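Report on the following structure.
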Amino acid sequence: MYKIVVDTNILLSALFSNRGKSFWLIEYLALKAKEGIKYNCISVPLALEFEEVLLRPQNRTKYDYFTQEDIRLIISDIVHISHKVRLHFLWRPFLRDSFDDKVLETAVNGGANAIITFSTQDFEGVERYFGIEILTPAQLFDKGVLS
């Protein structure tokens, strides 16, 4: 099965608008999880990063129609529809941003095929070193690997 790790910026984008590919991706992951198919991988550090970033005041102003409790429930739902990954190996520092290292570590430890992000440049060297593709949501859908 093709496995992915969704970067925080994808979840942020899905909260900002229900019209983009990031929203479609999160919705698709939830629908497939109801069928027992879990494509996404998540770890405790990544879930905590989701919470920290999504609850930042500068981000909250962009989706103030969600309460803090709503945000926590959304993160809980993301965890529920994902493979839980225990981190046995840490790769810090591999990338410039420690938040991105959490995404990478989840992908490596979870055996993911791809990291889904809008910041593809932030994951330079990952595909070459780890064999993990770095894709945008649109590129992921274009590949047709999620069935």
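Run down the lysines and flag those whose C-alpha is under 25 Å from the C-alpha of LYS32, throwing out any fewer than 8 positions away in its chain.
Partners within reach: LYS3, LYS21, LYS84, LYS102, LYS143.
Just want to confirm a number: the relative contact order over the chain, from Cα pairs under 8 angstrom separated by 6+ residues, in percent. Don't skip to the answer; put the middle values down first.
Numbers: 205 pairs, mean separation 43.7, N = 147.
Averaging sequence separation for qualifying contacts and normalising by length gives 30 percent for the chain.
What is the spread of the Cα atoms of the range 92-147 along each of their three principal axes, largest first, in whole Å?
Ordered largest first, the range 92-147 gives principal extents of 33, 21, 18 Å.
How far, in nm, would the chain grow between LYS84 and GLU35 when pulled straight, counting 0.36 nm per residue and subtracting the alpha carbon separation?
15.9 nm
What percentage of all Cα-Cα pairs in the range 1-42 are separated by more than 14 Å? Walk me through the intermediate numbers first.
On the way: 397 of 861 pairs.
Of all Cα-Cα pairs in the range 1-42, 46 percent lie more than 14 Å apart.
Say each of GLU124 and SER147 gets a label point 7 Å from the Cα, pointing the same way as Cα to Cβ; how far apart are those two points in nm?
3.7 nm
Rule-of-thumb check for the chain: C-alpha Rg over 2.2 N^0.38 Å? Numbers along the way, then the final one.
On the way: Rg = 14.3 Å, N = 147, 2.2 N^0.38 = 14.7 Å.
Relative to the rule-of-thumb radius for its length, the chain sits at 0.97.
State the answer as a single residue: which of CYS41, PHE99, SER119 lies farthest towards the positive end of the charge dipole of the chain, with beta carbon charges of +1 for Lys and Arg and -1 for Asp and Glu, about the Cα centre.
Going by the Cα projections, it comes out as CYS41.
Under a point-charge model restricted to the Cβ atoms of Lys and Arg (+1) and Asp and Glu (-1), what is the dipole moment magnitude of the chain relative to its Cα centre, in debye to the nearest 20?
Values: 17 positive and 19 negative charges, 56 e Å.
Charge dipole, the chain, about its Cα centre: 260 debye, nearest 20.
Sequence-distant or interchain residues sharing an amide H contact under 5 Å with CYS41, placed H: which?
Long-range HN contacts for CYS41: ILE4, VAL5, VAL6, HIS83.
No lab work stands behind these numbers, since they all come straight from the coordinates. Keep in mind that what you see is a predicted model, and the values were worked out from it rather than measured. So basically every Cβ, Gly included, is an ideal-geometry build from the backbone, and we count neighbours across all protein chains shown.
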